[in-house]
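For reference, the structure discussed in these notes is given below.
Any read-out appearing in this document is the output of simple, stated calculations on the displayed coordinates, not a laboratory observation. It should be emphasised that the depicted structure is a prediction, and the values quoted were computed from it without experimental measurement. FYI the Cβ positions are ideal-geometry reconstructions off the backbone, even for glycines, and counts take in every protein chain you see.
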């Protein structure tokens, strides 16, 4: 994809290809937080949090768009007091025409999102979802195509990613038959003449369509089909679609002690210290990870056979519960979600492939804790 001029809406669309908004939890507030969909953008800054110091940095860097993980706005604003930090943040953003976009729990859940980026940092390849939160509905598209344009329509659908079953693409079933129709007054038929019944050798082309690709599939099919009026059906299936979820379960290449693995976590995630629950000499092989605050998932981690759960914001009584059930805990803090900064920059740079759009990381640390 290459463009001479980008708008915020273009970048939002790219982010939602990666982390669709429908993956987010209902309580979450993702998407545009402040600003405009239609303003042009030449410079993007990626940050974990939108704090006042980050906004000041964006102003200094002449940034048009801030992409953050944690939403700036969670609850409705009842008053805008510029004597307080939140009010000043909003005032500065509006005064300097800076738009803010948040990808939060949808980016946690997305393939290649925060939890996968954390596992990438730990060099853990073998992984699966910890808790399923969404299963994409599937549909069957059946379209009747003249035999002469069968390949043309199939290729157009395939280019849009339609027709995937597991690790197989271009999945279709094609049935030969004969179509009939009579063009009436006012038509401009591709085949046949007005007021005369036509018999045409056609193919019924059937393929599977993901919920998120329905619109693209119909547009691609109609664009490639030669008929003025296209006969097609789109209906829901009971088949199970791709599953998405929060957290990941991963398998280490070999067993290590909890203490040794803590050192790996500290180095990989660039943290000076971690809080640990469990016997430091316990052998670790299967790990669960939930970026941010994941203490409520200790039971799911244990049920799936995890030896240790890596997550932030662990509280006292939940840590006791984990200890009692034999689940080790490594708490490297909430701020390790900063992996999304580099991950988002790399993703967008691959997508835009355009020197006219500059994408930079925020240099401001939003970690509130110090280790003394």
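Its DSSP H runs of at least 4 residues, each contributing -39,500 (n - 2.57), put the calculated 222 nm mean residue ellipticity of the chain at -8500 deg cm²/dmol, to the nearest 500. Of all DSSP beta bridges in the chain, what percent run antiparallel (nearest 5)? Of those bridges, close to 70 percent are antiparallel. Placing a label point 7 Å from the Cα of residue 346 along the Cα-to-Cβ direction, the residues of the range 281-301 whose backbone N falls under 20 Å from that point are 289-292. Note on residue 21 and residue 74: the model spin-label points, each 7 Å out from Cα along the C-beta direction, lie 2.0 nm apart. What the Kirkwood sum gives for the range 255-301 is a hydrodynamic radius of 11.7 Å, with every pair of different alpha carbons counted.
For the range 107-133, backbone nitrogen atoms closer than 18 Å to the point 7 Å from residue 271 Cα along Cα-to-C-beta are found at 108, 114-124.
The order of the peptides 53-59, 80-86 by mean Cβ neighbours within 10 Å, most packed first, is 53-59, 80-86. If the chain linking residue 259 and residue 120 were pulled fully straight, counting 0.36 nm for each residue of separation and taking away their Cα-Cα distance, it would gain 48.0 nm. The simple Förster model, with R0 at 22 Å and r as the Cβ-Cβ distance, assigns residue 369 and residue 321 a FRET efficiency of 0.40. Each residue, residue 53 and residue 159, gets one label point 7 Å from its Cα in the Cβ direction; the gap between the two is 4.9 nm. Judged by the gyration tensor of its Cα atoms, with axes a ≥ b ≥ c, the range 1-117 is oblate; a/c meets the 1.5 cut and b/c is at least as large as a/b.
Spacing of the modelled spin labels on residue 42 and residue 353, each 7 Å from Cα toward Cβ, amounts to 2.4 nm. For residue 216 and residue 239, the difference between the fully extended length at 0.36 nm per residue and the C-alpha to C-alpha distance is 6.2 nm. Taking springs between alpha-carbon atoms closer than 10 angstrom, which of 168, 25, 244 fluctuates most in the Gaussian network model of the chain? For the chain, modelled as a Gaussian network with Cα springs under 10 Å, the answer is 168.
When you count the other C-beta atoms within 10 angstrom of each residue and take the mean per peptide, 268-280, 176-188, 35-47 line up highest first as 35-47, 268-280, 176-188. Restricting the calculation to Cα atoms, the range 137-236 shows an Rg/Rh of 1.01 when the hydrodynamic-style radius is the Kirkwood one. The packing ranking, built from the mean of other Cβ atoms within 10 Å per residue, places the peptides 93-104, 194-205, 343-354 in the order 93-104, 343-354, 194-205, highest first. In terms of other Cβ atoms within 10 Å, 51, 325, 221 run from fewest to most in the order 325, 51, 221.
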